[in-house]
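Okay, so here's the structure we're looking at.
The values are calculated or read from the model by the stated rules, or taken from the named source; none is laboratory data. Remember, predicted model here, so these are calculated numbers, not experimental data. Backbone-built Cβ (ideal geometry, glycine too); neighbour counts: all protein chains shown.
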Amino acid sequence: MAAKSTKSTKRIIRFKTQRRLGTELPGLGKPGALDRRPYPPGENGNKRRKYSDYALRLEAKQKIRFHYNIKEKQLRNFIKKSKKGSSTNWVNTLAGLLETRLDNIVFRLGMAPSIRAARQLVSHKHVLVNGSVLNIGSAIVPNGATISITEKAKENQAVIQATGSPRLEVPDFLRREDKGNLPSGVLQAIPTVAHIPFEFEPGLFTRIICWKKPSRRCIR
């Protein structure tokens, strides 16, 4: 009973997060967060609100963090990687990195009901990349790689739930190629910002990416 109560509480928290941001974030799992109450939680949640430019920019960043289930420091590291090299559109590069994380690929292939659940599958050594176990959810999957699950994982309830009722359709940068009764897929292209599976404004996002050293700095 306690386990069921904890699971229900976590779902409520995830729903409140999406209501606060005004956007369904598929990476958090079960849909329907905005169906009954499409407004922020709280006593005054359904009253009309005026959002400052800063609040809108902050929401753009929070959507990325909560959907991909990453911490602030992880996001900053991804941004730094995205800005290296000759790429002129670092947000596109960032989207490519986030979407090709192993936990996200497992989720987008419909092998797990959420990114968090996908990360657990990965950490428990239930996911193979090109036939070898890879247990690092943040690992970047190379283009052309084949992603599959172990024989044991097909009995996992999260896998059964996800394969029976996927949260999202498989995007065009992936190709589902099941092997017998085992889910499998191939990364066939590098995704871009257009593949982020929720409403996202790159312009707002780029203007909020700031942090503090001794003095305030922003990535531009």
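Listed conditions (1) of a type in the set (Gly, Ala, Ser); (2) assigned to a helix (DSSP H, G or I); (3) in contact with a Lys or Arg (Cβ under 9 Å, 6 or more places away or on another chain); (4) modelled with pLDDT under 65 are all met by residue 8, apart from (3).
Here is a yes/no grid of residues against (1) part of a loop (DSSP other than H, G, I, E, B); (2) among the hydroxyl-bearing types (Ser, Thr, Tyr); (3) closer than 21 Å to residue 78 by Cβ:
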position	(1), (2), (3)
105	no, no, yes
113	yes, no, no
121	no, no, no
147	no, no, yes
207	no, no, yes
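Number of residues in segment 132-166 that are touching a Ser or Thr at 6+ places or on another chain (Cβ under 6 Å) and of a type in the set (A, V, I, L, M, F, W, C): the value is 2. Scanning segment 172-184 for residues that are within 17 Å of the chain's Cα centre (by Cα) and surrounded by 15 or more Cβ atoms within 10 Å (Cβ to Cβ) gives 173, 174. Note on segment 185-205: among residues that are in contact with a Pro (Cβ under 8 Å, 6 or more places away or on another chain), part of a loop (DSSP other than H, G, I, E, B) and not hydrophobic (A, V, I, L, M, F, W, C), the one that is surrounded by the fewest Cβ atoms within 10 Å (Cβ to Cβ) is 197. If you check 69, 77 for being of a type in the set (S, T, N, Q) and more than 14 Å from the chain's Cα centre (by Cα), only one passes: 77. Here residue 28 qualifies as modelled with pLDDT under 90, surrounded by 20 or more Cβ atoms within 10 Å (Cβ to Cβ) and within 25 Å of residue 174 (Cβ to Cβ).
So that you can scan it fast, the table gives a plain yes or no per residue for (1) part of a loop (DSSP other than H, G, I, E, B); (2) surrounded by fewer than 21 Cβ atoms within 10 Å (Cβ to Cβ); (3) in the same structural domain as residue 74 (by TED's automatic domain parsing); (4) touching a helix residue (DSSP H, G or I) at 6+ places or on another chain (Cβ under 9 Å):
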| site | (1), (2), (3), (4) |
| --- | --- |
| 116 | no, yes, no, yes |
| 138 | yes, yes, no, yes |
| 144 | yes, yes, no, no |
| 154 | no, yes, no, yes |
| 162 | no, no, no, yes |
| 170 | yes, yes, no, yes |
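Can you pull out the residues in segment 172-181 that are under 22 Å from residue 152 (Cβ atoms) and either in a loop (DSSP other than H, G, I, E, B) or modelled with pLDDT under 90 (or both)? Of everything in segment 172-181, those that are under 22 Å from residue 152 (Cβ atoms) and either in a loop (DSSP other than H, G, I, E, B) or modelled with pLDDT under 90 (or both) turn out to be 177, 178, 179, 180, 181.
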